[in-house]
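All remarks here apply to the structure that follows.
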Amino acid sequence: MRKKIVAANWKMNMTQAEAASFVETLLREIGDVSDVEVVIVPPFTAIAKVSEALGSSETIKIGAQNMYWERGGAFTGEISAAMLRDLFVRYVVLGHSERRQLLGETDQIVNRKVRVALDASLRPIVCVGETLEQRDRGEVERVLCQQLRGSLAEIGAKEMDDIVIAYEPVWAIGTGRTASAEQAQEAHSFIRHTLGEISDDATATKIRIQYGGSVKPDNARTLMSQPDIDGALVGGASLDPHSFAEIVRGARPRSSGPRRAVAAEP
Ligand code: PEP
């Protein structure tokens, strides 16, 4: 059984003070949740503050939004995997569509970063997803297949266990337009099938595939109850600790402990 993983991608938001206050509230809301893996992905400048605010909490882990593929040296403005490890970072988002579109990140670049991240014991969250034009042209499977094969080239089956895939249709990111649960499930099922071809079926069954694209408290549970959707990568709705906590609760198995929405018995 795959444990759901819900990550808050803050993008270029949050000062250190805002980050500390967010963590304080989030710990109050979901500090005792152990059946969902929760990851906060702050900008580099707030990582240390988030780490400090989390204290000894083991519930919430820290991710980074990017890293460079070289180990160190004359690369002005870049951050290495070892630097992230030094800040207790466990996950790193790679190949986000904003980086692919705005900064020219290719599958080959993502692949180099995946290799270096794994070598440094960082777990990559590899983002894939089609644009609206590609969907309209019927190219969803071709695009996903190309991105997965390119980004995961030369990654061994054993190493794949440490990888999380995020399916993020570009047309659903920050637009308020969510993929329907059926559209998302169809893409996730195809991704799992392709992962099976890249590695093997047993490995593909274990890999977690998050959905990302305008996930909100009111659509999170429906999306995450699809058989191949193993969590969410959340942008906009992750900037408010209450709405992010609600999304995390939406990932919990139905039988899990009390929900905040349940009114007290008279
Ligand atoms: C994202 O950027 O990863 C994302 C899914 O953003 P949003 O939730 O705002 O669509």
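The values are calculated or read from the model by the stated rules, or taken from the named source; none is laboratory data. From a predicted model like this one, the values you see are computed outputs, not experimental measurements. No Cβ is skipped: glycine too gets one built from the backbone with ideal geometry, and neighbour counts run over all protein chains shown. For the accessible areas, the whole protein counts, side chains as well, though only heavy atoms, and no ligand, DNA or RNA atoms are used. Shrake-Rupley method; radii C 1.70, N 1.55, O 1.52, S 1.80 Å.
Going by the conditions given, is Thr175 away from the ligand (no atom under 13 Å from the Cβ) and of a type outside the set (Phe, Trp, Tyr)?
Answer is no for this residue.
Of all positions in region 106-124, none carries a residue that is more than 26 Å from Lys158 (Cα to Cα), part of a helix (DSSP H, G or I) and in contact (Cβ under 8 Å) with a residue 24 or more places away in the chain. Applying the set (1) free of Cβ contacts under 8 Å to residues at least 40 places away in the same chain; (2) over 18 Å from Arg2 (Cβ atoms); (3) within 16 Å of the ligand (Cβ to nearest atom); (4) open to solvent by less than 60 Å² (accessible area, probe 1.4 Å) to Val215 leaves exactly one unmet item: (2). Hey, can you tell me all the residues within region 132-155 that are in contact (Cβ under 8 Å) with a residue 12 or more places away in the chain and surrounded by fewer than 17 Cβ atoms within 10 Å (Cβ to Cβ)? Those that are in contact (Cβ under 8 Å) with a residue 12 or more places away in the chain and surrounded by fewer than 17 Cβ atoms within 10 Å (Cβ to Cβ): Leu132, Glu141, Gln146, Arg149, Gly150, Ala153, Glu154. Contact annotation: residue pairs with Cβ atoms under 9 Å, 6 or more positions apart or on different chains, pairing a residue in region 87-99 that is open to solvent by 10 Å² or more (accessible area, probe 1.4 Å) with a partner that is within 14 Å of the ligand (Cβ to nearest atom) and assigned to a helix (DSSP H, G or I), are Ser97/Val170. For region 162-180, the condition holds for no residue, the condition being that it is among the acidic types (Asp, Glu), open to solvent by less than 60 Å² (accessible area, probe 1.4 Å) and more than 16 Å from the chain's Cα centre (by Cα).
On inspection, Val89 fails the criterion of being within 15 Å of the ligand (Cβ to nearest atom) and not in a helix (DSSP H, G or I). Within region 54-66, identify whether any single residue is of a type in the set (Ser, Thr, Tyr) and more than 27 Å from Leu26 (Cα to Cα), and answer yes or no. No. Somewhere in region 176-195, is a residue of a type outside the set (D, E, K, R) and on the phi > 0 side of the Ramachandran plot? Among the residues of region 176-195, at least one is of a type outside the set (D, E, K, R) and on the phi > 0 side of the Ramachandran plot, which makes the answer yes. Selection within region 100-128: residues that are within 14 Å of the ligand (Cβ to nearest atom) and buried (at least 22 other Cβ atoms within 10 Å of the Cβ). The member of this set that is farthest from Leu84 (Cα to Cα) is Val128. When residues in region 18-35 are screened for being surrounded by fewer than 18 Cβ atoms within 10 Å (Cβ to Cβ) and aromatic (Phe, Trp, Tyr), 0 of them pass. For region 38-60, a residue qualifies if it is more than 17 Å from Ile79 (Cβ to Cβ) and open to solvent by 20 Å² or more (accessible area, probe 1.4 Å), and the qualifying residues are Glu52, Ala53, Gly55, Ser56, Ser57, Glu58, Thr59. For region 203-210, the criterion of being over 16 Å from the mean Cα position of the chain (by Cα), surrounded by fewer than 19 Cβ atoms within 10 Å (Cβ to Cβ) and over 20 Å from Val126 (Cα atoms) is met by no residue. Taking region 143-236 as the region of interest, the helices (runs of 4 or more DSSP H) fully inside it that hold 1 or more residues being touching a Pro at 6+ places or on another chain (Cβ under 8 Å) are 181-198. Of all residues in region 230-242, those being in contact (Cβ under 8 Å) with a residue 24 or more places away in the chain and either within 12 Å of the chain's Cα centre (by Cα) or within 11 Å of the ligand (Cβ to nearest atom) (or both) number 9.
The single condition among (1) part of a loop (DSSP other than H, G, I, E, B); (2) under 16 Å from Gln210 (Cα atoms); (3) within 16 Å of the ligand (Cβ to nearest atom) that Ala7 does not satisfy is (1).
Residues in region 218-229 that are without any contact (Cβ under 8 Å) to a residue 12 or more places away in the chain and among the hydrophobic types (A, V, I, L, M, F, W, C): there are none.
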